[in-house]
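Everything below concerns the one structure shown next.
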Amino acid sequence: MYLIKEARFLAPDIKLFRIEAPRIARKRKAGQFVIVRVHDEGERIPLTIADSNTDDGTVTIIVQNAGKTTRLLNMMEEGDSVLDIVGPLGDPSHIENFGTCVVIGGGVGTAIAYPTAVEMKTQGNHVIGIVGSRNKELFILEDEMRATTDAFYPMTDDGSYGEKGFVTNKLAEICEKQKVDFVLAIGPIPMMRAVANVTRDLGIKTVVSLNPIMVDGTGMCGGCRVQIGDETKFACVDGPEFDAHLVDFDTLIARNSLYKEKEQKDLAEFQANPLVVLEQVRHQCRLDQVEEAIKARN
Amino acid sequence: MDRLPPKERMKISRSSMPEQDAKDRARNFLEVNLGLPVLAAQHEAQRCLDCADPKCVGACPVGMQINDVVTLVLDGDFIGAAKKIREDNVLPAVTGRVCPQENQCEGACVLGKKMDAVAIGYIERFVADYERETGNVGLPDLKPSTGKKVAIIGSGPAGLSCAGDMAINGHDVTVFEALHEIGGVLVYGIPEFRLPKDIVKNEVENMKNMGIKFETNVVVGKTITIDELMTEEGFDCVFIATGAGLPKFLKIPGEHLGGVYSANEFLTRVNLMKAYDPEKYDQPIYDCRGKNVAVVGGGNTAMDSVRSALRLGAKNAYIIYRRGEDEMPARKEEVHHAKDEGVQFMTLVNPVSFLGDEKGNLKVAHLQRMELGEPDASGRRRPVPKEGSDFEMPLDVAIIAVGTGANPLVQSTTPDLDTTDRGYILADEETLATSKPGVFAGGDIVSGSATVIRAMGAGRKAAKAMHEYLTAQAPV
């Protein structure tokens with residue numbers, strides 16, 4: 001079991017967790033992810049690592065409510081534990097001095113883009129940040145992104161904060177005005193596809209981080225296979241970052257909706273009585289702690 | 001039980017394994033084989049001729065002292081028999097269920113020349129189950145602590161077997177596992193109806209009671225490297241037993257469609273994540289109820305997959321295999337079980353492509369018929385496509401069970417570890433020592449896909465060499 005040392009909402013439905021996992025904290029690099037299993041009957045879900053702290057041995061993940069598992073996780077508090085966390089998985093972001101980089105975060109994807117933006121800046125890139133969200137309430141990591149970028153553009157769909165419009169509007173505008181050498185885009189699949197479409201004809205190297213359905217995360221199951229050009233790749237061991245211009249986004253979207261029915265059913269059941277489920281999980285977790293303590297004493 | 005004279009013993013016919021009725025079991029995940037009752041087990045033990053030079057022992061990859069075990073069973077000392085087994089085999093309840101005994105101990109039994117071999121597997125299983133069910137575990141005696149630290153990478157059969165022997169020899173053993181459960185292929189691969197997970201759990205508990213430590217959620221190569229284990233965490237010796245985990249696909253059009261799985265993924269969802277119980281567990285699997293499901297392949301993994309699909313409610317469950325039934329690598333028993341349960345075999349057939357609907361889900365398989373040509377490198381006759389034999393069939397789920405390759409995570413982060421051109425780890429045949437001092441490797445990551453017991457044999461072989469390596473070092 002892995003202790004949650006800090007848990008706080010960054011925005012409605014978006015929560016930051018610092019989880020005690022010293023081995024992972026020590027090894028983790030920007031762009032890598034963990035797989036979390038909240039409880040014994042739960043599924044394994046991949047979550048990108050936003051940050052780590054080697055002093056207190058924690059990794060930071062930022063989780064947005066989506067299905068049952070993320071909602072359950074987001075109900076957990078400091079002092080609770082998750083049953084399993086494994087990582088760091090995947091290849092780290094490829095960092096080098098490209099020149100001018102545009103780092104784009106869409107919604108909770110910003111949490112994933114942010115550590116790579118920091119590394120890009122450290123490598124001497126001129127880093128331009130664009131962060132998009134549906135509205136002002138859901139806007140996250142603004143201070144952090146501002147601090148690490150040379151220019152920063154907040155965008156909202158409804159204009160309630162920053163400029164009204166999509167991140168691609170801003171990207172196209174920037175690319176018209178100046179030379180851009182590299183683009184990193186992390187967010188919802190339609191956003192990443194739109195970014196790829198903007199930069200494809202301009203010939204700007206563009207990388208996206210993919211989030212296909214995954215089970216083990218070590219290359220064993222092949223469930224996370226994605227079409228990259230004419231090759232099949234496993235996002236867990238060959239990615240999660242890929243050349244945006246080669247990604248078959250349609251297949252990714254189709255594969256990600258494979259289990260929609262079961263997911264919706266589980267979610268509906270969970271939402272009918274979320275606190276009961278949370279209590280069951282906490283109860284089991286405390287039982288396990290007691291059992292571990294007894295074993296340790298013997 | 002009194003021993004009969006040899007002539008009388010040879011009159012006894014081999015016991016048959018009681019099993020769940022095929023119609024019932026095809027729709028549930030409960031164990032198929034039910035195990036021999038006490039009297040039947042002793043009855044079977046009576047058939048053993050107690051050879052002076054028991055061939056069965058030599059044919060066992062872990063060298064179990066089968067003749068002594070059989071004698072103890074005849075004497076009614078079942079816990080003694082368990083203890084005797086455990087001297088050589090840490091997973092008797094597992095091997096008693098999944099070993100291909102017909103090719104090993106039973107294949108070498110002298111009775112087999114004239115009649116049916118002694119059902120050694122059934123006896124082994126009986127002893128292990130008796131031990132577990134009565135709660136009297138016959139753990140082997142441990143030698144005094146050597147103070148040497150041993151890391152085992154992977155908790156599948158090779159890793160567990162090596163861990164057991166190293167613990168018996170007094171070493172401080174830690175097993176690292178990438179997944180959240182201990183057991184490797186025993187928990188993610190082999191289905192509940194052939195190997196109940198509680199049995200694996202019980203064996204792991206026994207190993208914990210031998211002082212072996214287990215750490216789950218550690219992906220060696222990612223979470224920590226071999227070098228870090230040896231320098232920073234003070235391990236004196238390492239055994240790599242990561243298995244052959246990388247699934248192979250057919251590389252034909254349409255494999256990205258929803259409903260197309262690797263056998264690894266399908267079985268992992270069903271077994272490890274318990275997707276067969278969707279009311280209780282969250283990890284989803286494609287709803288097979290009323291669907292047409294085909295498994296491509298002819299090995300044990302293919303049989304496990306197709307029988308799982310049937311139990312998940314498939315309307316039609318097919319095996320599609322490009323060679324003939326005689327060439328199938330699966331155990332005959334598994335093929336028979338599958339057929340009895342209603343699995344349909346399409347042999348000398350190979351998929352050419354998969355076609356889907358507008359949502360990206362599999363709907364149709366495009367197949368072609370094959371015929372057998374000249375023998376290939378494996379000695380089996382090579383299947384060649386028959387011109388103009390293409391046909392289509394409706395299909396909702398396709399499970400690809402055509403083998404696995406080497407997972408590169410450990411090799412790619414351990415620079416001084418030599419590998420073959422296919423990525424398997426090179427290890428000395430006798431000692432299983434790798435090119436890196438203090439590091440040994442065995443099981444599927446060295447040999448390519450094999451069986452549980454072969455992997456366990458490798459674990460033992462490595463343990464012997466590792467023990468020698470550690471005792472040759474200066475004492476702590």
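Observations, loosely collected:
- Separation of region B:10-29 from region A:7-74 is 48 Å, based on Cα centroids.
- If you run the Gaussian network model on chain A, springs between alpha carbon atoms under 10 Å, then out of A:206, A:232, A:60 the most flexible one is A:232.
- P(r), alpha carbons of chain A - 10 Å bins starting at zero, rounded %: 6, 27, 35, 23, 7, 2, 0
- q = 0.12, 0.16, 0.20, 0.23 Å⁻¹: log10 I(q)/I(0) that the Debye formula gives for region A:100-209, counting C-alpha atoms only: -0.33, -0.60, -0.97, -1.32
- Within straight-line cross-link reach of residue B:114, lysines at Cα separation under 24 Å, skipping those fewer than 8 residues along the same chain: B:7, B:11, B:55, B:332
- Region B:89-237 - Rg over Rh from alpha carbon coordinates, Kirkwood radius: 1.03
- Virtual paramagnetic centre 7 Å along Cα→Cβ of residue B:10, amide N under 15 Å, in region B:30-64: B:47-52
- Kirkwood-type hydrodynamic radius, region B:126-190: 13.2 Å, calculated from all non-identical alpha-carbon pairs.
- Whole-angstrom gap from region B:297-320 to region B:123-198, using each part's C-alpha centre: 29
- Neighbour net charge for residue B:116 - beta-carbon separation under 14 angstrom, K R +1, D E -1: +3
- The per residue volume of the convex hull around the alpha-carbon atoms of chain B is 160 Å³.
- Members of A:27/B:274; A:27/A:170; A:177/A:205 lying beyond 25 Å, as alpha-carbon distances in this model show: A:27/B:274; A:27/A:170
- Calculated FRET value between residue A:5 and residue A:268, using beta carbons and R₀ = 35 Å, to 0.05: 0.65
- Long-range HN-HN contacts of residue B:262 with modeled amide H, under 5 Å: B:400
- The trypsin sites (Lys or Arg not before Pro) of region B:189-266 that meet both conditions, a loop assignment by DSSP and at most 11 other Cβ atoms within 10 Å of the site Cβ, are B:251.
- Using a cutoff of 8 angstrom between alpha carbon atoms and counting only pairs six or more residues apart, the relative contact order for region B:6-134 works out to 28 percent.
- Coordinate range along principal axes, alpha carbons of region B:249-402, Å, largest first: 51, 39, 25
- Computed from Cα atoms, the angle from the helix A:110-122 axis to the main principal axis of chain A rounds to 60 degrees.
- Sites matching GluC sites (Glu not before Pro) across region B:298-399 that sit in DSSP coil, with at most 11 neighbouring C-beta atoms within 10 Å: B:358, B:387
- Seen from all directions on average, region A:2-89 presents a Cα convex hull projection of 5.0 nm².
- Computed over region A:170-298, the percent of Cα pairs more than 24 Å apart is 52.
- Candidates A:34, A:215, A:277, ranked by Gaussian network fluctuation over chain A, Cα under 10 Å, top entry: A:277
- Using the Cβ of residue A:90 as centre and a radius below 9 Å, the other residues enclosed give a net charge of -2, where K and R count +1 and D and E count -1.
- When the alpha-carbon atoms of region B:6-134 are used, the pair Rg, Dmax equals 14.2, 46 angstrom.
- Each label was represented as a point 7 Å from its Cα along the Cα-to-Cβ direction; for residue B:205 and residue B:326 these points are 4.8 nm apart.
- Expressed in units of 2.2 N^0.38 Å, where N is the residue count, the Cα radius of gyration of region A:1-150 is 1.03.
- Across chain B, the relative contact order, built from alpha-carbon pairs under 8 Å that are at least six residues apart, equals 16 percent.
- In terms of overall dimensions, region B:210-325 has a Cα radius of gyration and Dmax of 18.8, 55 angstrom.
- Percent RCO, i.e. relative contact order, over chain A, from Cα pairs under 8 Å lying at least 6 residues apart: 16
- Around residue B:470: net Lys/Arg minus Asp/Glu count, Cβ-Cβ under 9 Å: -1
- Its Cα gyration tensor gives the protein assembly as shown an equivalent ellipsoid, and the semi-axes of that ellipsoid, as √(5λ) in whole Å with the largest first, are 48, 31, 24.
- Residue of A:64, A:227, A:284 that the Gaussian network model of chain A assigns the largest fluctuation, springs spanning Cα pairs under 10 Å: A:284
Every read-out reported here was derived from the displayed coordinates using simple, explicitly stated rules and does not represent laboratory data. Given the structure is predicted, the values throughout are model-derived calculations rather than measurements. Cβ coordinates were reconstructed from backbone atoms using ideal geometry, including for glycine residues, and neighbour counts include every protein chain displayed.
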